[in-house]
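J.: Below you'll find the structure I mean.
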Amino acid sequence: MPIPEDVTGDEIDKSVRQELMSLPKTLADDVAKNLVMVAKLLDDEPERAYEYSRVALRLASRVAAVREAAGFASYGVAKYAEALAEFRAARRMTGTVDLWPVMADCERGMGRPERALAMAGEPEVQKLDRAGQVEMRLVAAGARRDMGQADAAVVTLQSPELASQSVQPWTARLRYAYADALLAVGREDEAREWFAKALEADQAGTTDASDRLAELDGVEFVDALASEEPEDEPEPEDEPELVEDESDVEDEPAGEPEASAESDDLKDDLKDDLKKEADAGDGR
């Protein structure tokens, strides 16, 4: 995979660089550059990010950071079985529980929401930080909806973090998920209120709360550029031919315009005047 010249590998997090120090320097640099490409492309070009992650994985499969990056790249292209395997490997290497929520979401992606819900009740959840616990709650609510338990999903999302007025990195997504769950059970007025709250907290534009609000309000967006395009105009009628026989034009010498009917009449009048004068002279 090509690496742009401006990518040096130094862009990666210091903790990841520390992990790569167990590798020979040249190999560590190559792995670092591929990890940088994964991070750069993950949101906008997930397929390419996945390809770079496979390169890094072939070069350093025993580095936890590489397994984690490969997991997120697989997750980004909906290869949930691959992602889960990589996350499990990274967790075995590090012993941490940080990946527990995304592992549970992989179970959902594989069509096993009941397994994701079971993971939400495991002791590992209590070891997560606040952000991780919010993520786990979002996954659990999604699993409830996957299982057709829409009302239970609403209850699952009701939490101190949802009620808090402070804006945290997870606030917009949590409020958005709650609004969506309310809408699924027919509580439209409340859903609109929470979509508005999600929009208020969504400074990074991570949700489409504004579109959902507009949809609830019956606002229809029109593409301004498309509306300015002119309507199809009727094709103009064929203009009359100025010259009936093109061959006549081609045969004429260049630079000698065709005499008009008016000039012919003047010539005839001049001839008549000259003839009259000649006749008058003969009579004298």
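J.: If the chain between Glu114 and Ala131 were fully stretched, how many nm would it gain, using 0.36 nm times the residue separation less the Cα-Cα distance? Intermediate results must be reported in sequence, preceding the final value.
T.: Details: separation 17, 0.36 × 17 = 6.12 nm, distance 2.25 nm.
Full-extension gain reported as 3.9 nm.
J.: Still on this structure, I have one more. Quick one: grab the alpha carbon gyration tensor of the stretch 58-98, order the square roots of its eigenvalues as a ≥ b ≥ c, and give me rounded if a/c is under 1.5, else prolate or oblate depending on whether a/b is larger than b/c. Don't skip to the answer; put the middle values down first.
T.: Numbers: a/c = 2.18, a/b = 1.30, b/c = 1.68.
It comes out oblate by the Cα gyration axes.
J.: Under a crude label model (7 Å from the Cα following the beta-carbon direction), how far is Ala163 from Ala204 in nanometres?
T.: Result: 2.7 nm between the two label points.
J.: While we're looking at this one, here's another question. For an R0 of 30 angstrom, estimate the FRET efficiency from the Cβ-Cβ distance between Thr96 and Leu27 and round to the nearest 0.05.
T.: Working: r = 25 Å, r/R0 = 0.83.
Step by step, r from the Cβ atoms, then E = 0.75.
J.: Would you pull out the residues with amide H under 5 Å of Leu99's amide H, same chain only if 5 or more places away, H placed 1.01 Å from N?
T.: none
J.: Quote the FRET efficiency, to the nearest 0.05, computed for Asp211 versus Arg187 with a Förster distance R0 of 22 Å and r equal to the Cβ-Cβ distance.
T.: Values: r = 19 Å, r/R0 = 0.88.
Efficiency for this residue pair is about 0.70.
J.: I need to check one value: relative contact order of the stretch 38-114, counting alpha carbon pairs closer than 8 Å and at least 6 residues apart, in percent. Before the final figure, lay out each step's value.
T.: Details: 85 pairs, mean separation 18.4, N = 77.
Reported relative contact order: 24 percent.
J.: Starting from the 7 Å offset along Cα-to-Cβ, what nm value, one decimal, do you get for the label separation of Ile3 and Asp44?
T.: A separation of 2.1 nm, rounded to one decimal place.
Bear in mind these aren't lab numbers, they're just calculated from the coordinates by the rules spelled out. It should be emphasised that the depicted structure is a prediction, and the values quoted were computed from it without experimental measurement. Here Cβ is always computed from backbone atoms with ideal geometry, including for glycine, and neighbour counts include all displayed protein chains.
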